[in-house]
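Everything below concerns the one structure shown next.
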Amino acid sequence: MEINEIKKLLPHRYPFLLVDRVVVLNADGITALKNVTANEEFFSGHFPAQPIMPGVLQIEALAQAAGLFALSQPGAPAGGAATLFAGVDGVKWKRPVVPGDQLRLVVKPIKMRPPLLVCQGAAYVGEEIACEVAEMKMMITPAKQ
């Protein structure tokens, strides 16, 4: 799935759209990519001399991938629907994410009973886990009319 298709499903836009491409999307989950560049706005303050992608934005990238998964499922609301955090548990960071890294976002559903989605996820740089989330709870919200 290319960026224009992603924008049709997710309401996020620059500088907060944190998924660049989807490489796998099926009933078992989603694998998406985020290319982390030196031009990311958050690097100007986190931290200028040693830029590191904030951990909460790594979780947000996983949540956006989960949103793409949920909004791609049969029967999902269309046209501006969104997914909102309802909770997150068991987060661990294993390595910093820096300019030039590519995050591979892997999200697998644990339970999906619309409007609720519970999933787990991990963000990888190469084969190393950068961030893992044991459980993300999300609510699928229909588009505002």
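Only the coordinates and a few stated rules stand behind these numbers; no lab work does. Quick caveat: nothing in here was measured; it's all calculated off a predicted structure. Backbone-built Cβ (ideal geometry, glycine too); neighbour counts: all protein chains shown.
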Over the chain, how many percent of alpha carbon pairs lie in each 5 Å bin up to the one with the longest distance?
2, 10, 21, 23, 21, 13, 7, 2, 1, 0
Where nothing but the Cβ of Lys and Arg (+1) and of Asp and Glu (-1) is charged, how large is the charge dipole of the chain around its Cα centre, in debye to the nearest 20?
380 debye
Note, region 101-117: 3J(HN,Hα) by Karplus (6.51, -1.76, 1.60, θ = phi - 60°), whole Hz, Gly/Pro = x, goes 6, 10, 7, 9, 9, 10, 10, 10, x, 9, 8, 9, 9, x, x, 9, 9
Note, region 72-78: 3J(HN,Hα) by Karplus (6.51, -1.76, 1.60, θ = phi - 60°), whole Hz, Gly/Pro = x, goes 9, 7, x, x, 5, x, 10
Could you name the lysines whose alpha carbon sits less than 20 Å from that of Lys108, not counting residues in the same chain fewer than 8 places away?
Lys34, Lys92, Lys94, Lys137
What percent does the relative contact order of the chain come to when contacts are Cα pairs within less than 8 Å and at least six residues apart?
26 percent
Between helix 55-71 and the chain, what is the angle of the helix's C-alpha long axis to the longest principal axis, kept within 0 to 90° and rounded to the nearest 10?
30 degrees
In region 3-141, if the dipole is taken from +1 on Lys/Arg beta carbons and -1 on Asp/Glu beta carbons about the Cα centre, which of Leu10, Val22, Gln73 is farthest to the positive end?
Gln73
Under 13 Å from the Cα of Lys111 - aspartates and glutamates, other chains or at least 8 residues apart
Asp28, Glu135
Using only DSSP helix segments of four residues or longer, with each worth -39500 (n - 2.57), what per-residue ellipticity at 222 nm results for the chain after dividing by its residue count and rounding to 500?
-5000 deg cm²/dmol
Across region 85-97, in residue order, what do the Karplus-derived ³J(HN,Hα) couplings come to in whole Hz, using 6.51 cos²θ - 1.76 cosθ + 1.60 with θ = phi - 60° and x for Gly and Pro?
5, 10, x, 8, 9, x, 8, 9, 9, 10, 7, x, 10
